[in-house]
Amino acid sequence: MKILLISANRERDPYPVFPIGLACLVGPLAAAGHLLNALDLCFEPDPNFAVSSAVAEFQPDAVVISLRNLDNVTWPGSRSYLDGVRDIVAVCHARTVTIIGGSGFSLMPVEILASVGADYGVMAEGEETLPRLLACLESGGDAAQLPGVVLPGRAGFIPPLPLATLGTPDRTLFDVARYCREGGMANIQTKRGCPFGCIYCTYPLLEGRCMRLRPIPEIIAEIRTLVDDYGVNYLYFVDDIFNYPPDFAEEFCRAMIVARLPVNWSAFINPDFITLRLLQAMLEAGCDAVEFGSDSGSSRMLKSLGKSFTADSIRESSRLCHELGVDFAHYILFGGPGETRETVLETFALMDEVGPTAVITMTGIRIYPGTALEQVALRDGIIAAGDSLLEPLFYISPAIRDELCTLVTQEALKRRSWIVPSLEINVSSAMLDALRMFPVKGPLWKLMKRLGRSRLHPM
Ligand code: B12
Ligand code: SF4
């Protein structure tokens, strides 16, 4: 079949992110004998025109739409992307079959399929399910019998089966160089899954609770291709947690060191499971910045959010970063269940104490179906049974709701390293656009070191 792959993601903040999910589907689809073409809407000035032209020109038998983001998960200032997806489907609809999937789609597959009007949906990993669905369409089989396939008008579907073996993304149909130029990096994955249980988090729902590791030689070969064929010199590891399991992370770093790969990189890490030995190996392997998903500096809030670590782990891991001189950021989520003025101030105090290069903060926590936070939000009357979560709804602790933004603004502006995208503290879309004019490698928050003073609505 002739298949047109469309990446629907047009978000450019904090930077344009390469459509690695679609790239993972290229190999399995090509192996199944399909003829492929791709359309990446990230850089298209008129997406509907681009889709219409691509469909007219290529005449695909099916269009495969990747929906990575539903919205920007930012409160206040929330932006939903679903209207854009509805338009893409509408442009294709009379002319070809539409199949939608991706992480954003997989969070609420039945509702999204109904909302955007595509012909088929695929929940979670597409490497095996999508070729199976296409084969079923070709042979006139019953798609409802395929695990992971969602059909319009049906409330349920057979749950997807996790892939036994993770493959290597094939980036040949996409503009890797442009993402490196405008986003400062390429992306890569070493494993899938997260065994932890943070109450708001969808990652275990999307990738499963079991860790599935890629063979290290294959990851090294992929990096070599990125370097040799695409001129990549900076990588971001999209793993839920880079440093878990820690022995795999270390083994991988040692392999990178042996391979002498000329790249720098950064990744999300957990404040537990980071030792001097592992951090040393990471730096030797080219890591020049780490991001901690710390969420809070208050012991009470860490417990309430279901974090597996303590404030002391945040202290110790930050100390290691200072000792080895690596840039580090802590990501903070304010407003979770039990958040009060005191717990917010405790978080500011802990961040003052540990002195990261940057603190990146969200106010309010997006509520997703299937998470423990959804149950807490129902209990606390923040949402009602049957409420749709398609348009973003946020949990904000009733005890702080009215003053959260004022308090965070006041405190963040007193400090130089705090970035609060929702309140435009030390960041704005215009500022990110301007920074992208310069050839900056890696995460932009590393530039916080050069900031003169804190600003509201910079640029
Ligand atoms: C790493 C990551 C980031 C990094 C990206 C770094 C980089 N250079 O790539 C950073 C921190 C920058 C980031 C930013 C954002 N992110 Co993010 N991110 C992730 C994360 C952890 C992994 C994404 C990834 O690369 N996965 C690896 C690839 C291989 O998997 P995949 O894309 O899901 O593709 C597979 C399947 O989905 C499927 N598939 C994909 N497309 C299709 C299409 C079809 C038809 C089919 C059948 C199957 C299919 O098959 C693929 C292979 O198995 C996910 C959470 C998660 N665990 O999935 C969130 C996630 C994707 N992010 C999310 C969001 C919202 C954002 C931001 C908007 C947040 C913000 N305000 O900054 C920005 C947007 C950035 C942008 N420009 O788009 C949400 C999206 C859902 C939603 N709520 O809208 C997620 C799901 C997290 C969440 N909250 O649940 N992100
Ligand atoms: S926040 Fe991190 S550690 Fe917690 S469940 Fe999500 S991915 Fe796992």
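Throughout, read-outs are computed from the coordinates displayed, never taken from laboratory work. Treat the numbers as computed from the prediction; the structure is a model and nothing was measured. FYI the Cβ positions are ideal-geometry reconstructions off the backbone, even for glycines, and counts take in every protein chain you see.
Structure notes:
- Among Leu390, Leu276, Val150 - extreme Cα towards positive end, dipole of the chain, charges at beta-carbon: Leu276
- Charge dipole (the chain, unit charges on Cβ, about Cα centre) - positive-most of Tyr15, Pro131, Thr371: Tyr15
- Rg in Å to one decimal, and Dmax rounded to a whole Å, for region 104-165 via C-alpha atoms: 11.0, 32
- Under the simplified labelling scheme, the Arg10-Glu284 pair shows an inter-label distance of 4.8 nm, with each label point 7 Å from Cα along Cα→Cβ.
- Each Lys and Arg Cβ is given +1 and each Asp and Glu Cβ -1; about its Cα centre, the chain then shows a dipole of about 740 debye.
- Pairwise Cα distances in the chain exceed 33 Å for 36 percent of all pairs.
- Region 402-459: Rg to Rh, with Rh as the Kirkwood radius over Cα pairs: 0.99
- Approximate spin-label separation Thr165-Leu456, in nm, with each point projected 7 Å along Cα-to-Cβ: 5.7 nm
- Rounded to the nearest 20 debye, the dipole size of region 201-271 about its Cα centre is 60 debye, using +1 on the Cβ of Lys and Arg and -1 on the Cβ of Asp and Glu.
- Per-selection Rg to Rh, region 279-322 - Cα, Kirkwood hydrodynamic radius: 1.06
- Where only DSSP H runs of four or more residues are counted, the chain gives -11000 deg cm²/dmol as its mean residue ellipticity at 222 nm, each run worth -39500 (n - 2.57).
- Gain in span if fully extended, Asn48 to Cys210, counting 0.36 nm per residue against the direct Cα distance: 54.4 nm
- Rg over Rh [alpha-carbon atoms, Kirkwood Rh] for region 176-450: 0.97
- Between Leu35 and Glu342, residue separation times 0.36 nm minus the direct Cα-Cα distance comes to 104.6 nm.
- Signed unit charges on C-beta, dipole axis of the chain, positive-most listed residue Ala90, Gly336, Ala259: Ala259
- Size estimate for region 316-459 follows the Kirkwood approach: the inverse of mean 1/r over distinct Cα pairs works out to 16.7 Å.
- Rounded to the nearest 20 debye, dipole of region 176-450 from Cβ charges on Lys, Arg, Asp, Glu: 380 debye
- Measuring r between the beta carbons of Gln59 and Arg401 and using R0 = 56 Å, the FRET efficiency lands at 0.60.
- Antiparallel DSSP beta bridges within region 176-450, percent to nearest 5: 15 percent
- Here the ratio of the Cα radius of gyration of region 1-95 to 2.2 N^0.38 Å is 1.12.
- Rounded Å value of the spacing that divides the Cα centres of region 356-429 and region 252-295: 29 Å
- Relative contact order (percent, whole number), the chain, Cα cutoff 8 Å, 6+ residue spacing: 13 percent
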